[in-house]
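Visitor: Below is the structure I would like to discuss, written out as structure tokens.
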Amino acid sequence: MRSSLFAAKNKGLSLAKPPSRLKVLGRYVKLNALLAIIAAVLGLWGLQVLFSYLSELDSLSDSYTMGEALKYIFYRSPYFLEQFIPTGALLGAVVGLGLLANKSELVVMRASGVSVYRIVGWVLQPALLFVILALSINQFVLPTSNQLADEINDDDSSALITSVRGYWTMQPSFSSVNVNSADDETTLQANGSDILYIDYADVQGNIGEVKRWHLDENGNLQTAIRAEGGQYTGRQLVGRTSDNKDEQYRYDWQLNNITRLTINQGFQSSQQLATTDTLSLPFAPESVYLLTRDAEDLSLTQLYAHRQFMQQQGKRSLTHELAFWQKLLSPLSILSLVIVACSFVFGSLRTHSLGLRIVVALLFGLLFSYIQDLVGFVSLATGFSPFLMVLLPVIASAVFGGYLLKRQM
């Protein structure tokens with residue numbers, strides 16, 4: 001009886017050892033993969049920062065000094081880091097597992113009964129840290145850092161004729177008409193239309209350069225106004241919807257340093273200077289901020305808010321929708337590239353050296369990035385669903401990596 005109990009106890013101990021050994025082995029693989037991915041991401045990021053700074057040296061001038069160039073690269077560095085995380089994860093996974101395969105450690109693991117999928121799962125776990133890092137940079141860092149970088153060196157400011165930036169809109173214009181002088185009763189009457197341009201806006205309600213062109217009912221230009229900036233002054237209730245559920249507001253900005261050009265009949269013009277004027281819009285300062293920022297400068301939640309606002313206006317911005325899905329699906333992109341990286345490593349190093357596999361992995365990462373850009377352009381040109389166009393390369397990469405892994409089984 002005692003011998004049977006002793007045998008059962010020894011059997012239980014022998015069954016308890018493999019899981020503990022697997023934990024140690026798993027930590028070893030995860031640590032190697034994590035260190036390799038960190039080295040790869042930091043290496044690619046450092047090279048990009050260096051090359052970007054060298055390219056900025058050609059733009060140095062009296063107003064754009066070397067110190068300004070350093071500040072610009074510093075503020076742009078989070079964007080560079082976020083861009084190279086997928087490729088760095090791919091390269092780091094190949095290097096980390098490749099070093100284990102080069103010392104025949106992967107062969108010993110598989111010979112001891114550890115499956116390929118378990119090893120891939122171990123590598124994916126440190127990759128999840130970089131997924132969280134990429135999402136955090138997109139959400140909390142890029143909106144502020146890109147804005148600060150644009151304030152130092154705005155590349156689009158010298159190309160306003162050939163580029164569309166800021167917020168452009170065409171809206172009907174109304175003028176107040178006194179219908180009863182005794183009661184001082186006024187009404188609004190249609191008075192042509194206005195073309196409005198806002199160069200910049202922030203979340204506090206401040207706006208940059210504002211231009212407004214007033215056209216009469218026949219489309220003739222009557223006035224052109226330019227203001228250097230403005231501040232948000234408040235909102236006023238102008239009405240309710242037909243079901244009395246939603247209130248409609250008018251949001252006002254006080255414009256400063258205004259130049260007004262008036263074009264009279266016979267193309268005679270006159271110019272006046274004014275200190276202040278009022279700009280009224282049917283949406284809040286938060287919406288103006290979203291409309292004036294580039295898609296890559298907005299966080300994931302801001303892109304979602306922009307999408308909801310455009311749907312309320314009955315409009316659509318494919319550029320912002322594409323950026324939204326690219327940022328939302330970026331975790332899947334990183335994980336699919338890590339799966340492909342793992343599939344490159346398993347197999348005999350006698351047929352293909354580790355260096356060749358690293359080069360092939362790097363080329364695949366660049367190819368994946370180019371394909372993502374290509375499908376983005378296709379979506380913008382054809383109007384096809386940005387969600388599907390962003391998801392297709394991710395699915396193709398994951399299927400390709402799974403197929404290569406299955407061949408190694």
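We did not get these values from a lab; they are worked out from the coordinates using the rules stated. The model shown is predicted, which means the values in this text are computed figures rather than measured ones. Backbone-built Cβ (ideal geometry, glycine too); neighbour counts: all protein chains shown.
Visitor: Could you work out the helix-only [θ] at 222 nm for the chain, with each DSSP H run of four or more residues adding -39,500 (n - 2.57) and the total divided by the number of residues, to the nearest 500 deg cm²/dmol?
Guide: Taken over the chain, the calculation gives -19500 deg cm²/dmol.
Visitor: I need the Kirkwood Rh of region 302-409: take the reciprocal of the average 1/r across all distinct C-alpha pairs and report it in angstrom.
Guide: One over the average 1/r among Cα pairs gives 15.5 Å for region 302-409.
Visitor: Starting with the highest mean, order 103-109, 59-65 by the number of other Cβ atoms within 10 Å, averaged over the residues of each peptide.
Guide: Taking the mean over residues of other Cβ atoms within 10 Å, the ranking is 103-109, 59-65.
Visitor: List the pairs from LYS30/LYS103; LYS30/LYS406; LYS71/LYS211 whose alpha-carbon separation is above 25 Å, in the order I gave them.
Guide: LYS71/LYS211, as the Cα separations exceed 25 Å there.
Visitor: Now for a separate question. Going by how many other beta carbons lie within 10 Å of each one, how would you line up HIS214, HIS306, fewest first?
Guide: HIS214, HIS306
Visitor: Hey, can you rank 282-292, 91-101, 139-149 by average C-beta count inside 10 Å, highest first?
Guide: Ranked from most to least packed, the peptides come out as 91-101, 282-292, 139-149.
Visitor: Which shape class, rounded, prolate or oblate, goes with region 30-109 when its Cα gyration tensor gives a ≥ b ≥ c as root eigenvalues, a/c under 1.5 marks rounded, and past that a/b bigger than b/c marks prolate?
Guide: prolate
Visitor: Compute the long axis of helix 354-382 from its Cα atoms, compare it with the longest principal axis of the Cα atoms of the chain, and write down the angle in degrees, 0 to 90, nearest 10.
Guide: Between the helix axis and the principal axis of the chain, the angle is about 30 degrees.
Visitor: Can you give the relative contact order of the chain as a percent, counting alpha carbon pairs under 8 Å and 6+ residues apart?
Guide: 15 percent
Visitor: What's the ranking of 252-261, 36-45, 354-363 by average number of surrounding C-beta atoms within 10 Å, highest first?
Guide: Per-residue mean Cβ counts within 10 Å order the peptides as 36-45, 252-261, 354-363.
Visitor: Note the angle between two axes, namely the Cα long axis of helix 2-56 and the longest principal axis of the Cα atoms of the chain, as a number of degrees from 0 to 90, rounded to the nearest 10.
Guide: 40 degrees
Visitor: Could you tell me how many degrees, from 0 to 90 and to the nearest 10, lie between the Cα long axis of helix 66-102 and the main elongation axis, the longest principal axis, of the Cα atoms of the chain?
Guide: Helix 66-102 sits at roughly 30 degrees to that axis.
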